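Working notes, beginning with the structure itself.
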There are 2 protein chains.
Amino acid sequence: MRHTVDFLLTDWLHISALTDRPRFADHSAETFSQVLDACEKIARDKFAPFNRLVDTEEPRFDGEKVILPQATQDAWDAYAASGLLSAAQDYDIGGMQLPYTVELAANAFFSKASVSINASMLSVGNANLLMVHGTPLQQQVFALNEFSGRWSGTMCLSEPQAGSSLSDVATRAVPDGDGFDADPLGPRYRLKGNKMWISAGEHELTENIIHLVLAKIPGPDGKTIPGTKGISLFIVPKKLVDTEAKLTGERNDVALAGLNHKCGWRGTTNTLLNFGEGKFKPGGQAGAIGYLVGQPGEGLRCMFHMMNEARIGVGMAATMLGMAGYEASLDYARQRPQGRPAGPGGKDAAAPQVPIIQHADVKRMLLAQKAYSEGALALELYCARLVDEQHTGAAAAAKEAALLLEVLTPIAKSWPSEWCLEANSLAIQVHGGYGYTRDFPVEQYWRDNRLNMIHEGTHGIQAMDLLGRKVVMDGGAGLKLLATTINTTIDRAGQVAGLAEHGATLAAALQKLGAATKAAWSTGDPQDALANATPYLQAFGHVVLAWVWLDVALAAQAALAEGRQPADFVQGKLQCCRYLHAYELPKIDAWLAVVAARHPVCRDMQDAWF
Amino acid sequence: MRHTVDFLLTDWLHISALTDRPRFADHSAETFSQVLDACEKIARDKFAPFNRLVDTEEPRFDGEKVILPQATQDAWDAYAASGLLSAAQDYDIGGMQLPYTVELAANAFFSKASVSINASMLSVGNANLLMVHGTPLQQQVFALNEFSGRWSGTMCLSEPQAGSSLSDVATRAVPDGDGFDADPLGPRYRLKGNKMWISAGEHELTENIIHLVLAKIPGPDGKTIPGTKGISLFIVPKKLVDTEAKLTGERNDVALAGLNHKCGWRGTTNTLLNFGEGKFKPGGQAGAIGYLVGQPGEGLRCMFHMMNEARIGVGMAATMLGMAGYEASLDYARQRPQGRPAGPGGKDAAAPQVPIIQHADVKRMLLAQKAYSEGALALELYCARLVDEQHTGAAAAAKEAALLLEVLTPIAKSWPSEWCLEANSLAIQVHGGYGYTRDFPVEQYWRDNRLNMIHEGTHGIQAMDLLGRKVVMDGGAGLKLLATTINTTIDRAGQVAGLAEHGATLAAALQKLGAATKAAWSTGDPQDALANATPYLQAFGHVVLAWVWLDVALAAQAALAEGRQPADFVQGKLQCCRYLHAYELPKIDAWLAVVAARHPVCRDMQDAWF
């Protein structure tokens, strides 16, 4: 994978051009590469060897503490020591001022080595949010201690009765007595409620855990505002701290109500947490102490600020599981002798068996995995590059990048979740019966990956976000910008022998996508349009990936012509592009047909008919 | 599900017409129904409650015995007591002379309740094989004691180095001294070798285990014949028995070498067995004692005799996992409140949440599951009905049924394995995060189902069997017969309002399938044709299911018109037909395009390019 990462960053995304910008001026292609080297090594030494261990030794609660394998502690310590938690932060708070693109690529090695040990994303997202929306003291006390790895962070959004529907969160926050708004750490509230699916919600890996919690502040009538408008955001530390970030010795009223036992991703503790249920009584009073972040009612907006990066992170995790399965099955296919190729003269039963990589159907399963996982990798890095553009580009470019990112994020999250899961299934299939046993790593990758279509917004939520919001906002400006971007690639492909035909099929696909988008919305009724939002998401994703692969193929061919990449490597990329255009892109017709027809069969289905 | 089973057997397959045949003359619709009632009850009481238990308490070896949960013993005992092991056998050996169709439907309830407790299929297949190829004494001693449930059976085909490529089995069988061919139980050999993936290969559920083992008999030069021609079949009992079926007290040299630890299907012991490795020395000599079945070199032919039914059995297991997930997620969707429907006026955040079954995307996921699992159920029962026709029909009809069965068996095995697995993934998705936990049953169904694309001939093997053999044999007679059968349905649909359009799309699909078949073979080179055998299998399966659903819809509509089925029930079937034709059938274009083009991208892929 490393070669492909380097190629994508260097030959495709020209990442070193970022070093012309003031923020990254101290960096160079070499420093970027050194970061990747270091992460690759830590991932190989401290994460990969323990991936099966954390699957079999799930977190358990001994009545007082959540117990994790020592390997998880060692991995966390090594990760924190690497400085990667604050990789993108300013020098003056101890950061490395790395582009997000490089940070994401560096983190990819950890996800690939062990996705469920690598639970750092939430801490970084939590701290990043505070760097934008927190007060200077909140940043100093909470964010900085998360970036250092001394403490870790969570995101507490869902509740047992409110998952996809966050507007229904029932956790309540009331002012903590007179002078509640004079606390230097922020307006102080008492929270009461239950939060579900909280990853890393309880453990002993770090000295403290900083929960970011969505809750509603009741009005004078004791009622909360329905919908998302009533949601506010709070910092709720597991252990109370002072303005110097020292533990006060008092436990906040955040209690583990239960561990979730999952199908995969078992190395990460996932919890149901009770806030303010009375297990602890900080200051002798009921309720978990929380400090307001930003303004009341702005909680979800603050949270969504981090959503693009969180979703790119999930997409990258799915991608790396796909990549891990691809590499494992490639390795197996090269070594496993089985059968003999069919030939016009039949088979010579007396000949030795051949490695299964020589069978066309096995090559198909490997090529599909390669096209899925390397294509998804390219997409995630491309999106990360847009994040960097949004943050450090010139104004017009930054605005464009932000717009494109809005449209691409649902794909960056959903496409790898679906297709790198399929890649993992193919990795099992390549292994035959062995792949179905726990003696080989691929069944775990498959189990781990199944989560990604669910968390951080389900597939269905991504689909509604895309068709219901992203492609129609600003009069369809995002979709137009994407089309313009894709057409640039098509134009370039038109000049290149062997790729021009793919440009033509992509142009046709793009046209169909646009037509289906219009047809879906032609009645103006969201119920008509959104009934087939998921097939739309799938088709959209395949068009995006056909474009990504064509653009990557152009870069690969140019790199070959200029002697920067070896022929075999480039052939592999070209073959992926061909595979995606021949085997995958044509699938959009079936998906778009129902979208364009606003097909009512699902919507019309009645409960009594099931 | 029961209502659908009854409808398919009665209104669609007219199963009671079989009672006109002498073999089934004592039966009636009522006796068939009573069998299903009894099985449904045992499955509900003795299997379903323990499905999670057998997932968490895997078989373990204590150094002497393989330990299974008591629930597995209770389930086996109840199953054996039901008489279902010999359901299809003659009255005079204690059977019920039930049609295979009814036997399969009855077994479906056990697979749905707990697929991995329900490991009876191998015993029945083993005994059935002996009833065809064994000597009268072999039948008396071995088969009859398997039918009674006193003993159980296995199928020992694969070896660690020979899975898909059975021609490479290395287990050897040599005559057991002078007079080896005078043993009343059959010519006596000594076997030595290792057998992999042997389900129910070691346990204490039954007094004895009867292994059917493929092995090669070396020639006078000590060499074995390469390829499948050299394979013979042997009965190798775990414990030696006499001609009265009494245990002699001596252990045969069959030893457990290891238990396989699987991703799912954990209730079934799966083993690596050593034959003749010297752990036991029956008669003081080295080698496991085995009795030849049939003629030397005919082993694989004998085994393949049972293959169609074994593959239908796997297809039904996959189907029932899909059905179990469908029912669980339907139940969940009816009870889980989450979100509010989108409307032209937006959402009313203050309104109570609605059950998720009201969301179009959830209905899509439920309808897809229903179409996959009920469609697969119909296909399996249809194939079972062909088996009955083959065995009890008039000569011409029997021949036709056998031919059609040859073509349909790869679909009966592969289609549910792929699409009912997808159904299980959708069942998880309907549950959201809860579906990913082990507190709900759906993640286990998904894990269990992943096996079905692997065992009894992988997906790739089914694909090569279909495109490489079944559709070209006898000048394509099987494919022609299938087309004729499908066209009959299309003609009938042409007369029915609301279904005629589906007939037309099916006719077009059938035409494309035929054209792609021809184009694939147009060069006559198997490598050209078979490089895309898997997409061909997928397209073929979807065409078959579109036909099955259209035919079922015709039956449903007729039943409604004649007042035999309620309107809601019939609407559900019609909606599935519409779903399959609108959302699924169009997928064949992408699959068939690469088949027809003999697309070389996978075949051309080189090891060095990966």
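Determine which member of the set A:VAL362, A:VAL314 is of a type in the set (A, V, I, L, M, F, W, C), in a helix (DSSP H, G or I) and farther than 30 Å from B:THR458 by Cα.
Unique residue meeting the criteria: A:VAL314.
One line per residue, one yes/no per condition, for (1) at pLDDT 95 or above; (2) surrounded by 21 or more Cβ atoms within 10 Å (Cβ to Cβ); (3) part of a helix (DSSP H, G or I):
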residue: B:ASP474; (1), (2), (3): no, no, yes
residue: B:LEU481; (1), (2), (3): yes, no, yes
residue: B:ASN487; (1), (2), (3): yes, no, yes
residue: B:ASP491; (1), (2), (3): yes, no, yes
residue: B:ALA497; (1), (2), (3): no, no, no
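Across segment B:585-610, what is the number of residues that are over 30 Å from B:TRP549 (Cβ atoms), facing chain A (nearest Cβ under 7 Å) and in a helix (DSSP H, G or I)?
6
Can you work out which of the residues in segment B:441-468 that are more than 10 Å from every other protein chain (Cβ to nearest Cβ) and hydrophobic (A, V, I, L, M, F, W, C) is surrounded by the most Cβ atoms within 10 Å (Cβ to Cβ)?
B:LEU466
Restricting to segment B:178-192, give me the number of residues that are out of contact with any Leu (no Cβ under 7 Å at 6 or more places or on another chain), surrounded by fewer than 22 Cβ atoms within 10 Å (Cβ to Cβ) and in contact (Cβ under 8 Å) with a residue 24 or more places away in the chain.
Selection size over segment B:178-192: 3.
Looking at this structure, is B:GLN138 assigned to a helix (DSSP H, G or I) and either in contact with a helix residue (DSSP H, G or I) (Cβ under 6 Å, 6 or more places away or on another chain) or touching a residue at least 60 places away in the same chain (Cβ under 8 Å) (or both)?
Spelling it out, B:GLN138 is indeed assigned to a helix (DSSP H, G or I) and either in contact with a helix residue (DSSP H, G or I) (Cβ under 6 Å, 6 or more places away or on another chain) or touching a residue at least 60 places away in the same chain (Cβ under 8 Å) (or both).
Of the conditions (1) under 30 Å from B:ILE231 (Cα atoms); (2) touching a helix residue (DSSP H, G or I) at 6+ places or on another chain (Cβ under 9 Å); (3) modelled with pLDDT of 90 or more, B:ASN308 fails just one. Which one is it?
Here B:ASN308 clears every test but (3).
In the list B:VAL387, B:VAL354, which residue meets the criterion of being aliphatic (A, V, I, L, M) and either surrounded by fewer than 18 Cβ atoms within 10 Å (Cβ to Cβ) or on the phi > 0 side of the Ramachandran plot (or both)?
So the residue among B:VAL387, B:VAL354 that is aliphatic (A, V, I, L, M) and either surrounded by fewer than 18 Cβ atoms within 10 Å (Cβ to Cβ) or on the phi > 0 side of the Ramachandran plot (or both) is B:VAL354.
Can you say whether B:LEU273 is in the same structural domain as B:CYS156 (by TED's automatic domain parsing) and in contact with a Pro (Cβ under 8 Å, 6 or more places away or on another chain), as far as the supplied structure shows?
Against the criterion (in the same structural domain as B:CYS156 (by TED's automatic domain parsing) and in contact with a Pro (Cβ under 8 Å, 6 or more places away or on another chain)), B:LEU273 does not qualify.
Test of understanding: among A:LYS246, A:LYS281, A:LYS216, which residue is basic (Lys, Arg) and surrounded by 19 or more Cβ atoms within 10 Å (Cβ to Cβ)?
A:LYS216
Any idea how many residues of segment B:321-344 are part of a helix (DSSP H, G or I) and either over 25 Å from B:ALA360 (Cα atoms) or over 18 Å from the mean Cα position of the chain (by Cα) (or both)?
Total meeting the criteria: 10.
For segment B:80-113: of the residues being in contact with a helix residue (DSSP H, G or I) (Cβ under 7 Å, 6 or more places away or on another chain) and at positive phi, which is surrounded by the fewest Cβ atoms within 10 Å (Cβ to Cβ)?
B:GLY94
Any residue at all in segment A:175-183 that's under 24 Å from the mean Cα position of the chain (by Cα) and part of a helix (DSSP H, G or I)?
Checked segment A:175-183: no residue is under 24 Å from the mean Cα position of the chain (by Cα) and part of a helix (DSSP H, G or I).
Give just the number: which of (1) within 22 Å of A:THR458 (Cα to Cα); (2) more than 10 Å from every other protein chain (Cβ to nearest Cβ) does A:TRP549 not satisfy?
Here A:TRP549 clears every test but (1).
Report yes if A:GLY125 is modelled with pLDDT under 95 and under 24 Å from B:GLY432 (Cβ atoms), otherwise no.
yes
From B:SER425, B:SER414, B:SER373, grab the single residue that is part of a helix (DSSP H, G or I), under 30 Å from B:TRP12 (Cα atoms) and touching a His at 6+ places or on another chain (Cβ under 6 Å).
B:SER414
Can you tell which of A:ASP26, A:ASP55 is outside any helix (DSSP H, G or I) and either modelled with pLDDT of 95 or more or assigned by TED's automatic domain parsing to the domain that holds A:ARG266 (or both)?
The unique qualifying residue is A:ASP26.
Tell me the helices (runs of 4 or more DSSP H) entirely within segment B:515-584 that contain at least 3 residues that are outside the structural domain of B:MET365 (by TED's automatic domain parsing) and touching a Pro at 6+ places or on another chain (Cβ under 9 Å).
Qualifying helices (runs of 4 or more DSSP H): B:526-530, B:533-561.
Would you say A:GLN161 is within 14 Å of chain B (Cβ to nearest Cβ), touching an Asp or Glu at 6+ places or on another chain (Cβ under 9 Å), surrounded by fewer than 24 Cβ atoms within 10 Å (Cβ to Cβ) and not acidic (Asp, Glu)?
Answer is yes for this residue.
Criterion first (aliphatic (A, V, I, L, M) and within 24 Å of A:VAL241 (Cα to Cα)) does A:LEU84 satisfy it?
no
What are the residue pairs meeting all of these: first residue in segment A:219-237, first residue farther than 22 Å from A:VAL254 by Cβ, second residue outside any loop (DSSP other than H, G, I, E, B) and among the polar types (S, T, N, Q), Cβ atoms under 8 Å, and 6 or more apart or on different chains?
Hits for this filter: A:PRO226/A:SER167; A:GLY227/A:SER167; A:THR228/A:SER167.
A:LEU580 is checked against (1) more than 9 Å from chain B (Cβ to nearest Cβ); (2) over 28 Å from A:ASP465 (Cβ atoms); (3) touching a residue at least 12 places away in the same chain (Cβ under 8 Å) and fails just one. What number does that condition carry?
Status for A:LEU580: all satisfied but (2).
Search segment B:164-174 for residues being in contact (Cβ under 8 Å) with a residue 60 or more places away in the chain and away from every other protein chain (no Cβ under 14 Å), and hand back the single one that is farthest from the chain's Cα centre (by Cα).
Here the residue is B:VAL174.
In segment B:499-522, which residues are surrounded by fewer than 24 Cβ atoms within 10 Å (Cβ to Cβ) and either at pLDDT below 95 or in contact with a His (Cβ under 6 Å, 6 or more places away or on another chain) (or both)?
Once the filter is applied, which keeps residues that are surrounded by fewer than 24 Cβ atoms within 10 Å (Cβ to Cβ) and either at pLDDT below 95 or in contact with a His (Cβ under 6 Å, 6 or more places away or on another chain) (or both), segment B:499-522 yields only B:THR505.
Listed here are the residues, each with its yes/no results for (1) under 29 Å from A:ALA397 (Cβ atoms); (2) in contact with a strand residue (DSSP E or B) (Cβ under 7 Å, 6 or more places away or on another chain); (3) within 14 Å of chain B (Cβ to nearest Cβ); (4) in contact (Cβ under 8 Å) with a residue 40 or more places away in the chain.
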residue: A:VAL430; (1), (2), (3), (4): no, no, yes, yes
residue: A:THR437; (1), (2), (3), (4): no, yes, yes, no
residue: A:LYS470; (1), (2), (3), (4): yes, no, no, yes
residue: A:ILE486; (1), (2), (3), (4): yes, no, no, yes
residue: A:ASP491; (1), (2), (3), (4): yes, no, no, no
residue: A:LEU510; (1), (2), (3), (4): yes, no, no, no
residue: A:LYS518; (1), (2), (3), (4): yes, no, no, no
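Considering segment B:249-265 alone, what residues qualify as being buried (at least 20 other Cβ atoms within 10 Å of the Cβ) and either part of a loop (DSSP other than H, G, I, E, B) or among the aromatic types (Phe, Trp, Tyr) (or both)?
B:ASN252, B:ASP253, B:ASN260, B:CYS263, B:GLY264, B:TRP265
The values are calculated or read from the model by the stated rules, or taken from the named source; none is laboratory data. This one's a predicted model, so the numbers in the text were calculated from it and none came from an experiment. Quick reminder, even Gly has a Cβ in these numbers, built from the backbone with ideal geometry, and neighbours come from all protein chains shown.
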